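Working notes, beginning with the structure itself.
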4 protein chains.
Amino acid sequence: MSELLQLFQNTRAQSVALCEPLHIEDYLPQPVDFASPPKWHLSHSTWFFEEMVLKKFVTDYKIFNPHFSFLFNSYYQTIGERAIRTERGTITRPTVAEVYEYRKYVDAHIKRLLQNAISPELEELIILGVNHEQQHQELLITDLKHTFSYNPIHPVYKENFNLTAQNNEEDGWLQISEGIYKIGFEGEGFHFDNEKGRHKVFLHDFEISKFLVTNADFLEFMEVGGYDNFKFWLDEGWNWVNENQIKSPLYWTKIDGDWHSFTLEGLKPIEHDDILTHISFYEAQAFACWKGLRLPTEFEWEAAADQLNWGKRWEWTYSAYLPYPNFQIAEGAVGEYNGKFMVSQMVLRGASTATPKGHERKTYRNFFHPKHRWQVTGIRLAK
Amino acid sequence: MSELLQLFQNTRAQSVALCEPLHIEDYLPQPVDFASPPKWHLSHSTWFFEEMVLKKFVTDYKIFNPHFSFLFNSYYQTIGERAIRTERGTITRPTVAEVYEYRKYVDAHIKRLLQNAISPELEELIILGVNHEQQHQELLITDLKHTFSYNPIHPVYKENFNLTAQNNEEDGWLQISEGIYKIGFEGEGFHFDNEKGRHKVFLHDFEISKFLVTNADFLEFMEVGGYDNFKFWLDEGWNWVNENQIKSPLYWTKIDGDWHSFTLEGLKPIEHDDILTHISFYEAQAFACWKGLRLPTEFEWEAAADQLNWGKRWEWTYSAYLPYPNFQIAEGAVGEYNGKFMVSQMVLRGASTATPKGHERKTYRNFFHPKHRWQVTGIRLAK
Amino acid sequence: MSELLQLFQNTRAQSVALCEPLHIEDYLPQPVDFASPPKWHLSHSTWFFEEMVLKKFVTDYKIFNPHFSFLFNSYYQTIGERAIRTERGTITRPTVAEVYEYRKYVDAHIKRLLQNAISPELEELIILGVNHEQQHQELLITDLKHTFSYNPIHPVYKENFNLTAQNNEEDGWLQISEGIYKIGFEGEGFHFDNEKGRHKVFLHDFEISKFLVTNADFLEFMEVGGYDNFKFWLDEGWNWVNENQIKSPLYWTKIDGDWHSFTLEGLKPIEHDDILTHISFYEAQAFACWKGLRLPTEFEWEAAADQLNWGKRWEWTYSAYLPYPNFQIAEGAVGEYNGKFMVSQMVLRGASTATPKGHERKTYRNFFHPKHRWQVTGIRLAK
Amino acid sequence: MSELLQLFQNTRAQSVALCEPLHIEDYLPQPVDFASPPKWHLSHSTWFFEEMVLKKFVTDYKIFNPHFSFLFNSYYQTIGERAIRTERGTITRPTVAEVYEYRKYVDAHIKRLLQNAISPELEELIILGVNHEQQHQELLITDLKHTFSYNPIHPVYKENFNLTAQNNEEDGWLQISEGIYKIGFEGEGFHFDNEKGRHKVFLHDFEISKFLVTNADFLEFMEVGGYDNFKFWLDEGWNWVNENQIKSPLYWTKIDGDWHSFTLEGLKPIEHDDILTHISFYEAQAFACWKGLRLPTEFEWEAAADQLNWGKRWEWTYSAYLPYPNFQIAEGAVGEYNGKFMVSQMVLRGASTATPKGHERKTYRNFFHPKHRWQVTGIRLAK
């Protein structure tokens, strides 16, 4: 079996494995517009292979179900009408069983396709599809955690599956000297269009922490009234805190005077040494401000990455998600991938405990609106 | 087996029978705040028996699961905290299987209870619970239709199950003379608190139609621009039409120039002779205004009911839902049943094709906000 | 001078007199969509005479300014496009001075018209216009109070002008026997279309209070936690209390432990014996429920009115605003007056300290949504 | 008279001169939350001098009116409670006359203060106050235009006062070579904290247009369906277009087939050669994308500025408003000036026809949310 087919099959199997602890009911709900149901993730990642690969490379390919293009397209406007993003939780049919049929059908066709000669274009699209599915694996888990968090009886996804119970392995600060640094992806392997275009960036001297902020650090901020003092906050962050009555990181709740956190293993007491997570950019920035420090830019982060221990949290940077010089949007649906989100979002660097193995890359640019907290986010400091 | 137990068991079985065509996925979604998922209806009607009967009448009753009080309470504030009404679709656990376990557990305990001597108070509560469950059977079906209507692939609930394909059996007008009429329930059988307190109402001469408005009638209204002419509409109705871009009854859609309607059998062409349904009070009133006629009051309706053929639609009246003279709210949770909704709603009389057999009653006062259309509503005219 | 002209001129002068204490700035703001600026009231009541009278009865009448039809029309859709209701506070031109020019121009033309022979139709329209202007006088004052209440420095409209400092003159209960009562206007004088159609209503025995609820009464309700106990409230009222964090009647504020109220004389301590005002229907109903009493219906109120001392507050009834039997909407713009609001509103009976002298009438049906509090409302009880 | 006093007095006089064509009514309205009334701008800029200068430098200074701190503070949370930002249009008192009294009172005290020896700290604060007032002069005019635009009768502010009727003076492209450029303010004169910290930035080769996009250019984009084709738009921009039904630049309206624009001289036909204005960042980006070009970054803009003709429009850059390296927020209220807005906004460079003379500076960083259009914005292209 080719390496490519192996990669494809492993990735596809991993999505199914992630859903192994689920009941049918768990595949459905979409409590908020920024998250999607497991059923949708499983379908959409499959649809991607059907739409972008099978329809193009398999002569007389018979699509599994013509409705699925409509139902499981996400933001690809090139490909026609889409179901309304915020109503995904309402769509009960196709059933979960039918979605698994769909996966098998597409998998079988891809397998057949990959057993023949593979053109570079096909290979590239398969690898894009694999990476796309990996992104949805991460979202599937974080979205599921979010859905479960609404349930007052705190469902357990799986014992010994905790995204947030990790400690720092290092301490201290790394010093980086001023100079021109090369930023962006270069070389052979897979990468997204948004990280392409290796280019020079001038950086002034800076220091970046080898550790991530812990729960204990953040509790100190909370205890000195960090959430109540406007002076640490960006104006937009301060409004966010007040309008949403934010008083702690996401999923935290106080029980009999002790902070607990909802996890995929159920409700757990906060461990002081665990690395903080589920905080917004606003909270990251306010914490740094209170410390008299700042967040690194994405360029500083990348310049320092080889000397840092990273991969436990998506680390908020103080860089907006903007195009690199010479960024070009690809033609067609594939081109809708990344460029169209390049406004009003902040870059996160690194990877998290929810990121599939092998998906991380030091040039990877993740991005979210500054208010979002349901990803496995964290704080690294700079000065 | 006692008649009461028989009634209880038949009613309980009927709820389960209604769900027979469902997949697990169908039990979950709540696309709008005014509707609830099947899983919730099944649980809530069960909770009612546990909370109102078993906890009171069974010594040492062991509740099935302490979380369920919280999850499946609806608006009974007396009984403590409730899950948020608009997030019912988010709660995946307990699973559907567990809900059926819950039903069996409660059914078994009620059965045991009803095999002993039955106090009048117990009998009354069982009958209240039966009627409560019947109300939820009607909602279960209309809510399910609403959820299915969001799905672009038009799921079929069941062949030969059509709530809206009925014709008029009579034509012409019934004349009623002025005088004092007795309104409200009197006698022995079951009735809700809101219809109690038989009292005198003076009615002037009026005529009421023996037929309900049909699709053909309403299409005529649509074709002369009824939805575009403010002069037929109440001010609030006109705003509703414009803000929501209403152009037809609910579930209607035009395909290649022909009106179709989403039904529980899937998408069907509009039949001209079928009785109109899924219209709001605003639409009912605008249609009557365009005809130079009016809607009957609930008192006129009740005074005429013995001479009318009713039961196919919930018929909008031009009466607001207000207390009858001497209306008293009962003590405790049972008292939260009806009285607290007596403002800003309009009364509907009759019954519909979704109403369980034996649940209808000529003194029955149904009520909804004037904008709602997802019930099986219709129009009877008066002059 | 004819009596009609005298009436016209007195009414017109009274609107101007009400504005005498205002600065130009006070004529402008519209802080909420249910209230309007003084400038708009002055213009709209003038526009009514121009549109309904002068354009019809004066040959070759030259309208003052063609833009004004658009700007100062309110809900008369028959007459064409209207400026957006919620943006009245944004329209700075015409200036206040120009509005006064407009009033003078229209007044002069009406004067000339009324010095000739007066047809019954003209007389009727003038009297309608006068009554319309009186309604806007009442709104002008209550809207102004509302606007001033937003200003943290508590502007004074006028010394010795207090809408809310009145005491009860009577105590005890009036008993009315069951029977058929005639309800609605009959006879010669002016009346609105909504009170026409004298008709018979059967009333059961009831008692109605000769007094209105006082601040002391309501403070007792507040002190026993009336605002915190769902069981006194209609469901919709309870949501209203919680969503809006209602803790007292409108305009009340606690200063150093003592309740004060914003009045048109500035901020004043609450007087215990003053008749309560600025409460919603929800609050009226909750108070009555707490007392074990109820609000009267509008029919009970009217049947008892001759034996009651009324006129200090608009008294909430537990009657929805619905058409009387045989109610007919008049043709054309005049017909848009009242009928189109007959849904989702409650009837208030009586009159208030803001009602112009001579405008009150025992058959008068005032109506507002149950949440509104900015009118001079009050509570009379029944049982 | 000292130069500083002269500068102060000229600036203060200029604010008054801008209001010379206004009627009292025009000083009041605030139709949208992002704009403020003229009365507020006049008061707030005065309050700044009282709060930041007089209270500090004048012994026994008697504040004009203690309420004004509350009413005319904007976002300075350090200084205590503020009136609600969105209700500025509701506050009729103090009157406009009182506001002018306030200005005179503060001006007189500042004059007296500046006739004595002037410490560097005082000088700095006066110059900050002057620049602050100049910013409010620009907002006063653009906010006023916005308010006037709501009035269906198109008020004229002043004849021969047109912010948007300017042509390009140059054509062609400027080429800049890659290298390290120094960015940010350096030297003696006034500058804001956000432009401080001159630092090195590496730029790759780029070209920047010597001209700004004209109405004719943009009409071409409109005529080829630019507003209807998602592929030119950022995802957030596309949502903005659809939710707000955007079909042209702000203030444009089609009359009998011809585009017109509301201006401070009233409604005027669109002139093809005029430089385009009143467009959002989304529109700027979509236009550039359609052209196959892009917007410059703020660093490219600054590096090229000496060779460009700029100052007619605020030019959207494709740079987010973020801190420069070593940016430090100043202590106290003055520190709330700029840094707290450094998220979710885009940088505009240059200056506009509404910018007071002498206020512009090539290192000036203006910033707005990408949706805003009421400033005098424009498009310069890069490649």
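The values are calculated or read from the model by the stated rules, or taken from the named source; none is laboratory data. Keep in mind that what you see is a predicted model, and the values were worked out from it rather than measured. Quick reminder, even Gly has a Cβ in these numbers, built from the backbone with ideal geometry, and neighbours come from all protein chains shown. What goes into the accessible areas is simple: the full protein's heavy atoms, side chains included, and nothing from ligands, DNA or RNA. Shrake-Rupley method; radii C 1.70, N 1.55, O 1.52, S 1.80 Å.
Structure values in brief
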{"item": "Distances in nm from A:Thr253 to the matching label points in the other copies, shortest first (labels 7 Å along Cα to Cβ)", "result": "3.8, 3.9, 5.3"}
{"item": "7 Å along Cα→Cβ, label-point gaps from B:Ala305 to other copies, nm, shortest first", "result": "3.3, 7.3, 8.0"}
{"item": "Estimated dipole of the protein assembly as shown in Debye, rounded to 20 [Cβ of Lys and Arg +1, of Asp and Glu -1, Cα centre]", "result": "0 debye"}
{"item": "Residues listed by number, segment D:200-225, amide nitrogen under 18 Å from D:Glu186 label point at 7 Å toward C-beta", "result": "D:200-203"}
{"item": "Accessible area of the protein assembly as shown divided out per residue, in Å², using a probe of 1.4 angstrom", "result": "40 Å²"}
{"item": "Label-point separation, C:Arg85 to B:Gln328 (7 Å along Cα→Cβ), nm", "result": "4.2 nm"}
{"item": "Surface/4 estimate of mean projected area, convex hull on alpha-carbon atoms of chain D, nm²", "result": "19.6 nm²"}
{"item": "Cα centre as origin, Lys/Arg/Asp/Glu Cβ charges: segment B:1-160 dipole, Debye", "result": "260 debye"}
{"item": "Local electrostatic count at B:Thr253 - Lys and Arg +1, Asp and Glu -1, tallied over other residues with Cβ under 12 Å", "result": "+1"}
{"item": "Local net charge near C:Glu98, Cβ-Cβ under 11 Å (Lys/Arg +1, Asp/Glu -1)", "result": "+2"}
{"item": "³J(HN,Hα) computed for each position of segment D:245-254 - Karplus, 6.51 cos²θ - 1.76 cosθ + 1.60, integer Hz, glycine/proline x", "result": "6, 6, 9, 6, x, 4, 6, 7, 8, 9"}
{"item": "For peptides C:12-22, A:170-180, sequence by mean Cβ density within 10 Å, most packed first", "result": "C:12-22, A:170-180"}
{"item": "Helix-only mean residue ellipticity at 222 nm for chain B, each DSSP H run of n ≥ 4 adding -39500 (n - 2.57), per residue, nearest 500", "result": "-10000 deg cm²/dmol"}
{"item": "Average beta-carbon neighbours from other chains, 10 Å sphere, peptide A:319-326", "result": "5"}
{"item": "Copies compared at C:Glu121 - label distances in nm, ascending, label defined 7 Å from Cα in the Cβ direction", "result": "7.2, 7.9, 8.1"}
{"item": "DSSP-assigned coil residues among trypsin sites (Lys or Arg not before Pro) in segment A:277-373, each with at most 13 further Cβ atoms within 10 Å", "result": "A:Lys357"}
{"item": "Equivalent-ellipsoid semi-axes of segment D:3-149, from the Cα gyration tensor, Å, largest first", "result": "25, 17, 13"}
{"item": "Under 5 Å, built H, 5+ apart or other chain: amide partners of D:Gly378", "result": "D:Trp314, D:Glu315, D:Trp316"}
{"item": "Using a Förster distance of 35 Å, the FRET efficiency for C:Leu267-C:Lys383 (Cβ separation, nearest 0.05)", "result": "0.45"}
{"item": "Pairwise label distance in nanometres, A:Ala305 with D:Ala13, each label 7 Å out on the Cα-Cβ vector", "result": "6.0 nm"}
{"item": "Partners for A:Lys62 among lysines (Cα-Cα distance below 16 Å; same-chain residues under 8 apart left out)", "result": "A:Lys104, A:Lys111"}
{"item": "Cα-based reach from C:Lys145 at 22 Å (exclusive), listing lysines while leaving out same-chain residues under 8 positions away", "result": "C:Lys39, C:Lys158, C:Lys247, C:Lys254, C:Lys268, C:Lys312, C:Lys357, C:Lys371, D:Lys39"}
{"item": "From phi via Karplus (6.51, -1.76, 1.60), per-residue ³J(HN,Hα) for segment D:57-67 in Hz, x at Gly/Pro", "result": "9, 10, 5, 6, 4, 9, 5, 4, 7, x, 5"}
{"item": "Net length gained if the chain between A:Asp60 and A:Thr253 were fully extended (0.36 nm per residue, minus Cα distance)", "result": "63.9 nm"}
{"item": "Volume in Å³ per residue [convex hull over Cα atoms, computed for the protein assembly as shown]", "result": "212 Å³"}
{"item": "Percentage relative contact order, chain B, counting C-alpha pairs under 8 Å, at least six apart", "result": "19 percent"}
{"item": "C-alpha center-to-center spacing [segment B:116-179, segment A:242-317] in angstrom", "result": "51 Å"}
{"item": "Global form of segment B:245-383, assessed from the alpha-carbon gyration tensor, a/c cut-off 1.5", "result": "prolate"}
{"item": "Partner lysines for D:Lys200 [C-alpha distance under 20 Å; skip if fewer than 8 residues away on the same chain]", "result": "A:Lys182, A:Lys200, A:Lys383, D:Lys182, D:Lys362"}
{"item": "Full-extension gain in nm, B:His204 to B:Thr95, via 0.36 nm per residue minus C-alpha separation", "result": "33.7 nm"}
{"item": "Long-range HN-HN contacts of C:His260 with modeled amide H, under 5 Å", "result": "C:Thr253, C:Lys254, C:Ile255, C:Ile270"}
{"item": "Size-normalised alpha-carbon gyration radius of segment A:100-161, reference 2.2 N^0.38 Å", "result": "1.62"}
